[in-house]
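What follows is one structure encoded as structure tokens, with my remarks underneath.
The values are calculated or read from the model by the stated rules, or taken from the named source; none is laboratory data. Since the structure is predicted, the reported quantities are computational estimates derived from the model, not experimental observations. Every residue, glycine as well, gets a Cβ built from its backbone with ideal geometry; the counts of neighbours run over all protein chains shown. We work out accessible area using only protein heavy atoms, side chains counted, and drop any ligands, DNA or RNA first. Shrake-Rupley method; radii C 1.70, N 1.55, O 1.52, S 1.80 Å.
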Amino acid sequence: MVVEMEVNNGENTTNNWVPIMKKLHMNVIGEKMKKFQKLTCRTIWRVGKEDPRRVIHSLKVGISLTLVSLLYLMDPLFKGFGSNAIWAVMTVVVVLEFTAGATLCKGLNRGLGTLLAGSLAFLIEYVATKTGHVFRAIFIGAALFFIGATATYMRFIPYIKKNYDYGVVIFLLTFNLITVSSYRVDNVLKIAHERFYTIAIGCGICLLMSLLIFPNWSGEDLHNFTAAKFEGLAKSIEACVNEYFSDEEQQKTKENSSDLEDPIYNGYKTVLDSKSFDETLALYASWEPRHSRHCYRFPWQQYVKLGNVLRHFGYTIVALHGCLQTEIQTPRSVRAMFKDPCIRLSGEVAKALKELGDSIRYRRHCSPEILSDHLHEALHDLNKAIKSQPKLFIGSKNNTNKLTLATVISKGQSGALNSRRVSLSSVKTDTSALLDWKSKLRGGSSTTHENLKLRPTLSKIAITSLEFSEALPFAAFASLLVEIVARLDLVIEEVEELGRIAHFKEYNDDDEHHVVVEIDKKNSKPLPNQLPTQDSGD
């Protein structure tokens, strides 16, 4: 009886735990669903807040789809086009892009490809109908092979691949559909006409939505994106130099943070990864009409050229950033001797980059004093500070003593404590002595356990002996900083050339003061897509 009661109690306990576990499981699922809903709402809000034009574009696509669906929903229109009305819906989905240039490029490619494919298919059908049934099939097959191979090969031509690749694909699709259908269907001409009309209606609605209702221009996006690059590079340079001369605690904090949170990395990453984005925007901008006040042609080629110059400029900043992450570092006491001129020099370079970015953003020429006297003074002070410390860049006694100690140990001398008496004329002598010891160690018949333990120590001493100087890593950092100043001239030349081609307005101190006052009132720098749109002819 006792055993039965214990078993029954166990069964009751198990039965009581089942609903509790189910309830806990449901609570966990409910919490996860709430978190997922919050995360989804935050993502939707963040995407729309970053660029409100995305919301407008979504509404434009919805309106366009509603309009083309009337070809199916309204009986009079459906009787005129039939089931081919679905091609208008497909055209809107495929052609309507975010910017007007992208929509024009795809819409005109689709229309031109459809027109050429239909004309060629009618010609082949006309020739094929004059022959017999068997020869007609052979002729259609041969035409499909020849046209398909030729059109596909043309896609490899750089100019066609860049501008008309989508049109060639539509040409192949339409040509094959019409030509193959003509062998089995008698009224293929009517089907082709209806399909062409529906595609034309879809393309027309897309072009109207893109060009007339809140248009987004690829040229404007390229313009604002180029201006924003200068600000990112300026922040990277300032952050890099400030971190190089920061104290030890800040340096450790930076090392623990990831690259995604690093302001230096975020500043130049956009510039280095912008090649394909620049070329795509420039391609779409080349299709856009001249929509400025004075109808000047958008200099998209010059923007691409400026982007290439900025990438080369960014590579130097990447190398400068690499100096912060090298294994051999200059002591902070030595860096402090050159802190003031380096920080002033980076500040002047950042100021010049911001001025270049503002000149592009507001479509005006650069200030005549963009390379101020303070930049030249900072360069002169840095050069003077380096020349005032020649011993730092020639070598130090500590390195010689370390190398002498390595030589004495390698020769097995017992008088290691008297190593100060050993006079070494050059680093070459020290290195050769260490190599001689290694060759003897390899040539010996037996290697002792003590020598094997000594190898890692001597390897570290050899690396230290090749440092030559404690200030050598700083010399590389200073050299890259001066290289940035030298490459700044190339960037200024490209910006001035862009201003000349794009007809930027002349520089005016009053305009500059007005812009600064507006930014100070907002207490933040305006985003590229929030800046007031100005015509390129202003």
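Observations on the model:
- Once the C-beta distance of LEU59 and LEU173 is scaled by a Förster radius of 41 Å, the resulting FRET efficiency is 0.85 to the nearest 0.05.
- Extended-chain gain in nm, criterion 0.36 nm per residue less alpha-carbon gap, LEU77 and VAL94: 3.9 nm
- Separation between Cα centres of the range 24-53 and the range 323-375, rounded to whole Å: 42
- Whether the range 63-126 is rounded, prolate or oblate, judged on the alpha carbon gyration tensor where a/c under 1.5 counts as rounded: oblate
- The residues packed around MET154, meaning those with a beta-carbon under 10 Å from its beta-carbon, carry a net charge of +1 if Lys and Arg are +1 and Asp and Glu are -1.
- The slack in the chain from ARG297 to GLN389, taken as 0.36 nm per residue of separation less the alpha-carbon distance, amounts to 27.6 nm.
- Nearest-0.05 FRET efficiency for THR280 and PHE214, computed from C-beta distance (R0 25 Å): 0.70
- Global form of the range 22-91, assessed from the alpha-carbon gyration tensor, a/c cut-off 1.5: oblate
- Förster radius 41 Å - calculated FRET efficiency between TYR183 and ARG155 (Cβ-Cβ, nearest 0.05): 0.95
- In this structure the range 22-173 gives 64 Å² per residue of accessible area when probed at 1.4 Å with all protein chains present.
- Within the full protein context, the accessible area of MET90 is estimated at about 90 Å² for a probe radius of 1.4 Å.
- Gyration tensor (alpha-carbon) shape descriptor, the range 128-196, a/c threshold 1.5: oblate
- Approximating the spin labels as points 7 Å out from Cα along Cα→Cβ, the THR66-to-HIS312 distance works out to 5.3 nm.
- Pairs exceeding 23 Å between alpha-carbon atoms, taken from LYS32/LYS269; LYS269/LYS354; LYS35/LYS269: LYS32/LYS269; LYS35/LYS269.
- The stretch between LEU24 and LEU144 holds 36.7 nm of extra length on full extension. This uses 0.36 nm per residue minus the Cα-Cα distance.
- Highest mean first, the peptides 216-222, 137-143 sorted by other C-beta atoms within 10 Å per residue fall in the order 216-222, 137-143.
- Cα→Cβ-extended label distance, 7 Å offset, between SER246 and ALA486, nm: 2.9
- Cα-Cα over 32 Å, subset of LYS235/LYS387; LYS275/LYS351; LYS34/LYS275; LYS351/LYS505; LYS235/LYS384: LYS34/LYS275
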